[in-house]
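A quick write-up on the structure given underneath.
Please treat every number below as a calculation from the coordinates, not as lab data. This structure is a prediction, so every number in the text was calculated from the model and none was measured. Reconstructed Cβ throughout: ideal geometry from the backbone, glycine too, with neighbour counts over all protein chains shown.
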Amino acid sequence: MPAPIEHVDEMQDHWWWRPGWRAGRHFYACHFTMGEYPELVKLVRRYQEALRPFPGLDLIPSTWLHLTMQGIGFVDDLDDEQVARLEPAIRERLAELPAPVVAFHRPVVRPEAVYLPAEPPAPLTAVRHAVREVIGHVLGADNVELAPEHVQGYRPHVSLAYSNAAQSAEPIAATLSQVEAEPVVVTLHHLGLLEFHRDHRMYQWTRSEQVRIGR
């Protein structure tokens, strides 16, 4: 069982340009889109209302709520034949798995974001492992590790807000601790195949294909 996630002392700007990223470039990934779960959206909004006084945080609209799963690669690095092989292979593999059931409750303040951990992580890790197997089979094992999410230390979560500045985490954590909220349990029946950019201080997808998990 993973150790509890602790608040950090200091936050930093999330929006620095990571290797390969630039304005206008799109990325292809398998992430859960979370805006369709009303009870989770309600929980997110409850915490976001408490965070509105902090100008150093970019609150995430429900449209763009997501649970990061597995990156695939930049769209301009993938050809149509690779994508045409990858999507049905992911669909076939995920049909063999049970839909993950996870709970969300208390947020944590991390270096670049405030997020809700998904518990337990094991069902989501199983889905991620299956997707990574397919990517390795279709695109080659080396391409799995080119994605930004590493297999070690993966912590499934849904972000509430991204940090846009260097700032102390203590007042943010203290504010969140005053919010009363009940846990929310969600069954994730679909995984999104997404193309997205980050041009406007937000991850915004321009294509979303939903893949069913289980039969």
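Would you kindly derive the ³J(HN,Hα) couplings of the range 60-70 from the backbone phi angles with the Karplus curve 6.51 cos²θ - 1.76 cosθ + 1.60 (θ = phi - 60°), listing them in order in whole Hz, with x for Gly and Pro?
8, x, 4, 4, 10, 5, 7, 10, 4, 10, 7
Can you tell me how the range 166-215 classifies by the Cα gyration tensor, rounded, prolate or oblate, using a/c under 1.5 as the rounded cut?
Taking the square roots of the gyration eigenvalues as a ≥ b ≥ c, the range 166-215 is oblate.
Using the 10 angstrom Cβ neighbour count as an exposure proxy, how do L86, L59 rank, fewest first? Display every interim value, and only then the final one.
On the way: L86 22, L59 18.
Lowest to highest Cβ neighbour count: L59, L86.
Which residues among the range 181-209 fall inside the zone where the amide N is under 16 Å from a point 7 Å beyond the Cα of L78, along Cα→Cβ?
191-198, 204-209, by backbone N distance to the label point.
Relative contact order for the chain using alpha-carbon pairs under 8 Å, separation at least 6, rounded to a whole percent?
Values: 407 pairs, mean separation 77.9, N = 215.
That works out to 36 percent.
For E170 and H189, compute 0.36 nm times the residue count separating them, minus their Cα-Cα distance, and round to one decimal in nm. Write out the running numbers ahead of the final one.
Working: separation 19, 0.36 × 19 = 6.84 nm, distance 3.62 nm.
Contour length minus Cα-Cα distance gives 3.2 nm.
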